[in-house]
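Read the figures in this text as sums done on the coordinates, not as results from a lab. Treat the numbers as computed from the prediction; the structure is a model and nothing was measured. Cβ sites come from the backbone with ideal geometry, for glycine too, and all protein chains shown count toward neighbours.
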Amino acid sequence: AQSVSQHNHHVILSEAASLELGCNYSYGGTVNLFWYVQYPGQHLQLLLKYFSGDPLVKGIKGFEAEFIKSKFSFNLRKPSVQWSDTAEYFCAVGTGGGADGLTFGKGTHLIIQP
Amino acid sequence: ETGVTQSPTHLIKTRGQQVTLRCSSQSGHNTVSWYQQALGQGPQFIFQYYREEENGRGNFPPRFSGLQFPNYSSELNVNALELDDSALYLCASSLAGSHTGELFFGEGSRLTVL
């Protein structure tokens, strides 16, 4: 069974700082990788996803993530964060035909101080 | 808004009771999956329904069961409630065939078991 590890459970940054949230997974086969975000009081929504091709993927609101297969990693980055990026961020892995669901990490609570 | 609606939003039950949670999927989506999110944890896959049949299941006991109706709406039933069942229950809809694609989540039903 696959697992997902997010390195930081709580991150506090100032506006305009650069962001990198770590995500590692354990699974030996082909994976689909996702970052979901949950803003305060809102539902989970997709930030970006990787299925194949260019390992550097771009998502909404200036976020990007890089898939490094040799490191089993899919780290999320943003060069300059804004106060509105305050949210809970979840890394998730999907395998097989999708009927096994997604495996989520425990999440990183990001707080951006103005 | 995702178009995925869940009810009720909050409920309180006692140990041993049974609960039914409901979900209406986004228009055009034929697949529904359910996740349990305990406090401080990421969502955990319970099961997935497609064409009114369960076609994938996570590591949850049989007292967690579900239904999908012809209009693709769904129910999650939990029998013999235990204290550890206290959690946010998330419903997500998607389109079969894009199984590696985006899940659209509802805002969840928060269950408290006393």
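Numerical summary
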| read-out | value |
| --- | --- |
| A:Gln42-A:Ser26 pseudo-label distance in nm [points 7 Å out on the Cα-to-Cβ vector] | 3.4 |
| Over chain B, relative contact order from alpha-carbon pairs under 8 Å, at least 6 apart, % | 37 |
| Pair-distance profile P(r), taking every C-alpha pair of chain B, with 10 angstrom steps and integer % | 15, 51, 29, 5, 0 |
| Charge context of A:Lys49, other residues only, Cβ under 14 angstrom, K/R +1, D/E -1 | -3 |
| Potential extension, B:Thr9-B:Asn77 segment - 0.36 nm per residue separation minus Cα distance | 23.0 nm |
| Under 26 Å from A:Lys69, Cα to Cα: lysines that are on another chain or at least 8 residues apart | A:Lys49, A:Lys58, A:Lys61, A:Lys78, A:Lys106 |
| Mean-position separation - Cα centroids, the stretch A:68-114 and the stretch B:74-91, in angstrom | 25 |
| Ascending count of other beta-carbon atoms within 10 Å, so fewest first, for B:Ser93, B:Ser73, B:Ser27 | B:Ser27, B:Ser73, B:Ser93 |
| DSSP beta bridges in chain A [antiparallel fraction, %, rounded to 5] | 90 |
| Rough spin-label spacing in nm, given labels placed 7 Å along Cα→Cβ, for B:Glu102 and A:Lys58 | 1.7 |
| Convex hull volume per residue for the protein assembly as shown, taking Cα atoms only, in Å³ | 119 |
| Surface/4 estimate of mean projected area, convex hull on alpha-carbon atoms of the stretch A:1-66, nm² | 5.7 |
| Which of A:Thr86, B:Thr14 has the fewest Cβ neighbours within 10 Å, and the rest in rising order | B:Thr14, A:Thr86 |
| Paired Rg and Dmax values of the stretch A:25-114, which use every Cα atom, in angstrom | 13.3, 43 |
| Per-q log10 I(q)/I(0), the stretch B:24-82, q = 0.12, 0.22, 0.29 Å⁻¹ (Debye; single scatterer per alpha-carbon; no solvent) | -0.29, -0.88, -1.23 |
| Residue-span extension gain [B:Thr20 to B:Glu52] - 0.36 nm each, minus C-alpha spacing | 9.8 nm |
| Modelled FRET efficiency - R0 30 Å, B:Phe69 with A:Ala1, Cβ distances, 0.05 increments | 0.50 |
| Magnitude of the charge dipole, the stretch A:18-114, Cβ model with Lys/Arg +1 and Asp/Glu -1, debye to 20 | 80 |
| Fewest-first ranking of A:Leu19, B:Leu67, using other Cβ atoms within 10 Å as the exposure measure | B:Leu67, A:Leu19 |
